[in-house]
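Some notes on the structure that comes next.
The values are calculated or read from the model by the stated rules, or taken from the named source; none is laboratory data. Bear in mind that the values here come from a model prediction, so they are computed numbers and not experimental data. Glycine gets a Cβ as well: all are built from the backbone with ideal geometry, and neighbour counts include every protein chain shown.
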Amino acid sequence: MVLAELGSKINHALRNMGTASVVDEQALDACLKEIATALIQADVNIKMVKQLRDNVKRQVQIEDLAAGLNKKRVIEKAVFSELCSMLDPSTEPYELKKGKSNVVMFVGLQGNGKTTTCTKYAYANKRKGYRPAMICADTFRAGAFDQLKQNCTKAGIPFYGSYTETDPAAIAQAGVDRFRQEKYDLIIVDTSGRHKQEDALFEEMREIEEAVQPDCIVFVIDGSVGQAAYDQALAFKKTVPVGAVIVTKLDGHAKGGGALSAVAATDSPIIYIGTGEHIDQFEHFEAKSFVSRLLGLGDWHGFMDKITDVIPEDQQPDLIEKLQGGTFTMRILYEQYANIMKMGPMSQVMSMIPGLGGDIIPKGADEASHERMKHFMTVMDSMTDAELDATDMKIFQEESRLRRIAMGSGRPAREVGSLMQEFKKMSMMWGKMKGLKGFSGKGGMSA
Ligand code: GDP
């Protein structure tokens with residue numbers, strides 16, 4: 001998982017404090033020092049780390065906490081909420097509007113993943129029902145238009161650019177005019193990320209902005225940019241009104257913390273993160289969910305996003321109703337396995353489920369867990385409708401029934417037993433979800 005190392009270091013600091021015999025000012029200081037070191041090692045801007053530390057201390061006021069109160073929990077909550085505030089500038093991102101031509105301009109230095117991200121953004125919104133079109137306003141880099149054309153062709157998205165026109169603002173304007181006329185409702189303008197001089201790059205950006213009057217300007221930054229990220233983001237923000245940030249390459253070895261600091265520099269929220277080169281390796285970003293996952297608390301929001309991504313729209317209300325209803329049956333478990341298998345690596349999906357963290361599936365065990373699920377589904381294939389829909393699990397206490405299911409599926413009896421255990425575990429979790437605040441919406445923990 002993205003930034004997993006940082007998450008485990010923060011957790012370690014919180015756990016250490018939990019085992020301290022007295023949770024006093026000294027224990028809190030030691031804990032905060034450990035968290036601050038972890039954040040700085042992950043390249044989070046030093047000033048922001050100091051602020052987080054001061055804010056937690058102000059929030060907690062350890063000497064004033066009533067005896068008997070779970071101090072560790074209070075501190076954990078304060079750290080959680082400060083990490084969220086660090087990533088959440090409290091400014092809302094621009095919401096695309098149906099029925100108008102939304103113009104979104106992308107800026108960022110070359111190599112940060114801007115063109116790839118434009119395509120991912122277009123594709124993600126195409127799946128949400130928008131009609132995107134893309135414009136290449138980079139006349140500086142030879143091959144920029146070809147790259148955009150290639151990306152667009154693969155994704156089935158119309159594009160506009162020119163091999164002969166040398167004024168990027170003129171291209172951008174012509175492209176926007178054309179796609180507006182053709183009633184595209186999401187017009188994406190990709191700009192240059194490099195020039196002979198920095199001044200020229202920024203001047204060009206300003207001219208394009210003036211020409212197309214975008215509804216939103218997205219700043220794209222590579223997750224592996226370290227402490228320099230803050231100044232880089234600030235330079236862009238000073239030139240054009242950046243309204244949103246996308247952090248790329250948060251897969252692999254990116255420390256990520258530097259780029260996350262771009263939030264403070266631009267006073268703009270992160271709206272997506274890039275987690276791979278492929279067009280759908282792109283995740284919606286929500287600060288609370290992200291911090292929940294970082295601290296191993298799970299992420300309902302991301303989980304629901306994934307679910308709604310793979311389940312046909314007409315089946316979604318039914319599923320959400322079932323989930324919220326909390327009546328769990330073998331048939332629901334069967335459907336969930338089928339859905340989860342469509343969602344991608346199990347460890348990633350499971351890390352989003354609050355309470356499970358990553359530990360239910362050991363690293364590298366994705367394939368084995370897929371196999372296990374397939375076998376469970378085979379077992380369930382030999383159940384009767386009454387068994388699949390039973391809400392009272394007593395019927396599975398009959399030995400003869402379990403033997404029949406095992407025989408019918410050709411799977412060993414112990415596997416039927418494991419499925420029953422799994423069912424019990426999931427059933428309990430579903431029960432908990434019923435009362436979970438914010439289950440259908442945000443985050444895995446209320447701050
Ligand atoms: P631009 O110069 O800013 O337009 O950058 P490009 O879109 O050309 O991307 C530069 C390189 O980064 C390409 O090789 C992309 O495939 C790669 N890239 C972009 N986003 C991601 C990401 O989220 N993860 C990874 N691993 N690679 C990415």
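I'd like the full set of residues that are touching a strand residue (DSSP E or B) at 6+ places or on another chain (Cβ under 8 Å) and not β-branched (Val, Ile, Thr), limited to region 232-250. Hits for region 232-250 are Gln232, Ala233, Phe236, Lys237, Pro241, Gly243, Ala244, Lys249, Leu250.
Within region 393-414, being outside any helix (DSSP H, G or I) and surrounded by 12 or more Cβ atoms within 10 Å (Cβ to Cβ) holds for Arg411, Pro412. Would you mention how many residues in region 102-117 are of a type outside the set (Lys, Arg) and within 8 Å of the ligand (Cβ to nearest atom)? Result for region 102-117: 9.
Number of residues in region 124-136 that are at pLDDT below 95 and either within 16 Å of the ligand (Cβ to nearest atom) or of a type in the set (Lys, Arg) (or both) equals 4.
Number of residues in region 88-130 that are in a helix (DSSP H, G or I) and of a type in the set (Gly, Ala, Ser): the value is 2.
Taking region 19-51 as the range and being small (Gly, Ala, Ser) and assigned to a helix (DSSP H, G or I) as the test, the residues that pass are Ala27, Ala30, Ala36, Ala38. Exactly one residue out of Leu83, Leu109, Leu96 is more than 29 Å from Asn45 (Cβ to Cβ) and surrounded by 16 or more Cβ atoms within 10 Å (Cβ to Cβ), and it is Leu96.
For region 186-201, the candidate set comprises residues that are away from the ligand (no atom under 16 Å from the Cβ) and farther than 16 Å from Phe159 by Cβ; within that set, the residue that is surrounded by the most Cβ atoms within 10 Å (Cβ to Cβ) is Ala200.
Here's the yes/no breakdown for (1) more than 16 Å from the ligand (Cβ to nearest atom); (2) more than 21 Å from the chain's Cα centre (by Cα); (3) surrounded by fewer than 23 Cβ atoms within 10 Å (Cβ to Cβ):
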residue: Ile221; (1), (2), (3): no, no, no
residue: Ser224; (1), (2), (3): no, no, yes
residue: Gln227; (1), (2), (3): yes, yes, yes
residue: Phe236; (1), (2), (3): no, yes, no
residue: Gly243; (1), (2), (3): yes, no, no
residue: Leu250; (1), (2), (3): no, no, no
residue: Ser261; (1), (2), (3): yes, no, no
residue: Ser268; (1), (2), (3): yes, no, no
